[in-house]
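> Handing you this structure, nothing more for now.
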Amino acid sequence: MAGDIPLSQPDITEQEIEAVTDVMRSGRLSIGPRQARFEELVAQRTGCRHGVAVSSGTAGLHLILEALGVGPGDEVITTPFSFIASSNCILYVGARPVFVDIDPITLNIDPTKIEAAITEKTKAIIAVEVFGNPSEMDQVAAVAARNEIPLIEDACEGLGGAYKGRPVGSFGRAAVFGFYPNKQITTGEGGMIVTDDDRLADLCRSMRNQGRAVGDLPSEGSWLAHERLGYNYRLSEVAAAIGVVQMQRLDELMAKRNEVACMYIEKLMDMPELILPNIDSKTDMSWFVFVVRLADDYGQTERDRVINGIRRHEVGCSNYFPPIHLQPFYREKFGYGKGDFPVTETIASRTIALPFYTTLDQTQIELVCLTLQVMLQREQLLRPNDGNGEQ
Ligand SMILES: *Cc1c(COP(=O)(O)O)cnc(C)c1O
């Protein structure tokens, strides 16, 4: 369909395609030089000593919690307004997620509310740069440091960004990036742990490779010796080769995404029904998605109808993110319910993620904005007692 505009699309050039065919011809499809190069590039960019490539962002989060020794009986503080992986990893290790509500401006975990949630059992804090916005991450880091609790940055939405000059990925004991096709860079599937902690990096390297000693190679006699419980969370050389090229293109990709975000802001700025992303002057934004919010007098039913209407016009859009604590298995297992985290709930009920990727042009953005505008006008007419003469 000519008018089809997806929610997201990866930016793949001939360079990535050539890098993949080079790997295929090399005969070395796993545990090779591309992984090492990709790790180096991401570590450099974030100012961290180590990069540990893994099979997904989720796998990276799991390994960090394991490496920190978090387990049954422990609590981990995190945000309920995120993609579900930032919380599910806590369940993988048998610990309990303790949610703290978000700041209504940054949409990240509210640093002023964290301390009240800390107990003797708190073993880590997982913070997320939601939608790529690293705002106030320094304050979260300060709370973690003051209470001597390790901060894990789920930086899966923030690669390339910075706050007050500090790169995303450098705020905590360790951070994780994700490379699913809708992220700033992609490897198809993939992730990367970054850290300055030598011991933590080595533990993660061992655990991603079935608990083998770090540096063990398949050609060696020790290949079937396993020092600890591990997983197969390795990243293939094919994926790492794509990652190397995408990392080399990161600034270009970020600049294009920034242009698209600016075009959206310009087009939507004057619509009183919308609340636009709020990026403060201390933030170097690496845009992950473009999410607008309906004004406070709209409800979830109206928001959902707007989303469905936009989708019917072959324009992708989504409700980033439904609150994690209201997902059925969280409610059931931990007894969470409506009203537990009111800021998250009110914001989550009114968000709309619009199509966002590097190659969106001015005409497509106009088409998206016009479609959104028509759906909002429809909502106005559907409102009872709104003085339009129909009632
Ligand atoms: C994308 C993402 C992840 C990781 O996703 P994978 O698909 O496992 O790579 C984790 N946390 C957040 C907040 C994300 O957006």
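The values are calculated or read from the model by the stated rules, or taken from the named source; none is laboratory data. Just so you know, these numbers come straight off a predicted model, no measurement behind them. Neighbour counts run over all protein chains shown; Cβ positions are idealised from the backbone, glycine included. When the accessible area is computed, the model is the full protein with side chains, heavy atoms only, and any ligands, DNA or RNA have been set aside. Shrake-Rupley method; radii C 1.70, N 1.55, O 1.52, S 1.80 Å.
> Per residue and in Å³, how big is the convex hull formed by the alpha-carbon atoms of the chain?
On the way: hull volume 58.5 nm³, N = 391.
Cα-based convex hull of the chain, divided per residue, equals 150 Å³.
> Relative to the longest principal Cα axis of the chain, at what angle does helix 14-26 sit, 0 to 90 degrees, rounded to 10?
Result, in degrees: 30.
> Of the peptides 151-158, 20-27, how do they stack up when ordered by the mean number of other Cβ atoms within 10 Å, highest first?
151-158, 20-27
> Would you be so kind as to identify which of 242, 356, 319 lies farthest towards the positive end of the dipole of the chain, taking Lys and Arg as +1 and Asp and Glu as -1 on Cβ and the Cα centre as origin?
Ranked along the dipole, the leading option is 242.
> Quick one: putting +1 on the C-beta of Lys and Arg, -1 on the C-beta of Asp and Glu, what dipole do you get for segment 14-248 around its Cα centre, in Debye to the nearest 20? Display every interim value, and only then the final one.
Values: 21 positive and 30 negative charges, 71 e Å.
Charge dipole of segment 14-248: 340 debye, to the nearest 20.
> Between residue 22 and residue 378, 0.36 nm times their residue separation minus their Cα-Cα distance comes to what? Provide the component values of the computation, followed by the final result.
Numbers: separation 356, 0.36 × 356 = 128.16 nm, distance 5.28 nm.
Roughly 122.9 nm would be gained on extension.
> So for the chain, taking the charge dipole from beta-carbon charges (+1 Lys/Arg, -1 Asp/Glu), which of 209, 127, 373 sits furthest toward the positive end?
Projecting each Cα onto the dipole axis, the largest value belongs to 209.
> Right, something else. To check you understand DSSP bridge types, tell me what percent of the beta bridges within the chain (both residues inside) are antiparallel, rounded to 5.
Working: 24 of 40 bridges.
DSSP beta bridges in the chain are roughly 60 percent antiparallel.
> Helix 237-248 sits at what angle to the longest principal axis of the chain, using alpha carbons and giving 0 to 90 degrees rounded to 10?
Compared with the principal axis, the helix lies near 60 degrees.
> Set the Förster radius R0 to 30 Å, insert the Cβ-Cβ distance between residue 278 and residue 314 as r into 1/(1 + (r/R0)^6), and round the FRET efficiency to 0.05. Show your work: numbers first, answer last.
On the way: r = 30 Å, r/R0 = 0.99.
Taking R0 as 30 Å, the efficiency between residue 278 and residue 314 is 0.50.
> Sort 100-110, 117-127, 188-198 by packing, meaning the average of other beta carbons within 10 Å per residue, with the highest value first.
Numbers: 100-110: 21.4, 117-127: 18.7, 188-198: 22.9.
Descending mean neighbour count gives 188-198, 100-110, 117-127.
> Only four residue types carry charge here, +1 at the Cβ of Lys and Arg and -1 at the Cβ of Asp and Glu. Report the dipole size of segment 250-381 about the Cα centre in Debye, rounded to the nearest 20. Don't skip to the answer; put the middle values down first.
Numbers: 14 positive and 19 negative charges, 100 e Å.
With only Lys, Arg, Asp and Glu charged at Cβ, the dipole is about 480 debye.
> Please report how far the C-alpha centroid of segment 189-234 lies from that of segment 84-151, rounded to the nearest whole angstrom.
So the separation of the two Cα centres works out to 27 Å.
> Here's a follow-up. Contact order normalised by length for the chain, with contacts defined as Cα pairs under 8 Å and 6 or more residues apart; what percent is it? Write down the numbers at each step before the final one.
Details: 792 pairs, mean separation 85.3, N = 391.
Contact order relative to length: 22 percent.
> Using only Cα atoms, find the angle between the long axis of helix 362-382 and the longest principal axis of the chain, and express it within 0 to 90 degrees, rounded to the nearest 10.
50
> Using label points projected 7 Å from each Cα along Cα→Cβ, tell me how many nm separate residue 219 and residue 269, to one decimal.
Placing both labels 7 Å beyond Cα along the Cβ direction yields 6.0 nm.
> A further question on this structure: For segment 273-350 and segment 1-59, what is the separation of their C-alpha centers, rounded to whole Å?
Their Cα centres are 30 Å away from one another.
> Output ³J(HN,Hα) for segment 207-221: one whole-Hz value per residue in order, computed from phi by the Karplus curve 6.51 cos²θ - 1.76 cosθ + 1.60 with θ = phi - 60°, and x for Gly and Pro.
Once θ is set to phi - 60°, the couplings for segment 207-221 become 6, 6, 10, 6, x, 6, 5, 4, x, 4, 10, x, 7, 9, x Hz.
> Roughly how many Å² is the accessible area per residue of the chain, as a whole number, for a 1.4 Å probe?
On the way: 16660 Å² over 391 residues.
Result: 43 Å² of accessible area for each residue.
> Of 347, 7, 156, which is farthest towards the positive pole of the chain's charge dipole, taken about the Cα centre with +1 and -1 on the beta-carbons of Lys, Arg and Asp, Glu respectively?
156
> How much length is gained on full extension from residue 145 to residue 251, taking 0.36 nm per residue of separation minus their Cα-Cα distance? Mind dumping the intermediate values first?
Working: separation 106, 0.36 × 106 = 38.16 nm, distance 3.12 nm.
Between residue 145 and residue 251, full extension yields an extra 35.0 nm.
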